[in-house]
Amino acid sequence: MSNIHWKQGVKLELLVKRPQDLMRRLFLSEDSKYCIKEADLEVESCTVKEMSVEDVIAGIIKETSPHVGDSVEGNAFLVELQRMQELDIPWTLTLEDPSGEAYISTGTILFVT
């Protein structure tokens, strides 16, 4: 994962290629946007403040599916997203936040007693 800090913002990139990557949590501000470079996809407004990486790709598939219809191009896009969700192909999630408040968790937190 790479972190690029702007004057007052943050840009985070995560290469998603392992099941653990799908479980990582995103913490978003109202100004956050996220992109999936390989799908040429950008989501501007975030109403959800916390979600997993898997929630991101599943939500995009759910929102896109009803609008595809018989479109060959649309169906190919959905297949590509499903392959990303199943980790058949690695993909890059980019999170941008001009406020600098958003971040991606480093992974599962284990508590030792």
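The values are calculated or read from the model by the stated rules, or taken from the named source; none is laboratory data. Every value quoted in this text rests on a predicted model; they were computed, and no experiment measured them. Quick reminder, even Gly has a Cβ in these numbers, built from the backbone with ideal geometry, and neighbours come from all protein chains shown.
Out of all the residues in region 34-90, which are polar (S, T, N, Q) and out of contact with any Gly (no Cβ under 8 Å at 6 or more places or on another chain)?
Ser45, Thr47, Ser52, Ser65, Ser71, Asn75, Gln82, Gln85
Inside region 62-91, can you point out the residues that are loosely packed, with under 15 Cβ neighbours inside 10 Å, closer than 28 Å to Asp31 by Cβ and modelled with pLDDT of 95 or more?
Pro90
State all residues of region 53-82 that are over 28 Å from Leu12 (Cβ atoms) and not small (Gly, Ala, Ser); if no residue qualifies, say none.
Those that are over 28 Å from Leu12 (Cβ atoms) and not small (Gly, Ala, Ser): Pro66, His67, Val68, Asp70, Val72, Glu73, Asn75.
Just the residues that are surrounded by fewer than 16 Cβ atoms within 10 Å (Cβ to Cβ) and either at pLDDT 80 or above or β-branched (Val, Ile, Thr) (or both), please, taken from region 104-113.
Answer for region 104-113, where residues must be surrounded by fewer than 16 Cβ atoms within 10 Å (Cβ to Cβ) and either at pLDDT 80 or above or β-branched (Val, Ile, Thr) (or both): Ser105, Thr106, Thr108, Ile109, Val112, Thr113.
Residue by residue through region 37-63, note down the ones that are closer than 17 Å to Gln85 by Cβ and either of a type in the set (A, V, I, L, M) or in contact with a Phe, Trp or Tyr (Cβ under 7 Å, 6 or more places away or on another chain) (or both).
Glu38, Ala39, Leu41, Val43, Met51, Val53, Val56, Ile57, Ala58, Ile60, Ile61
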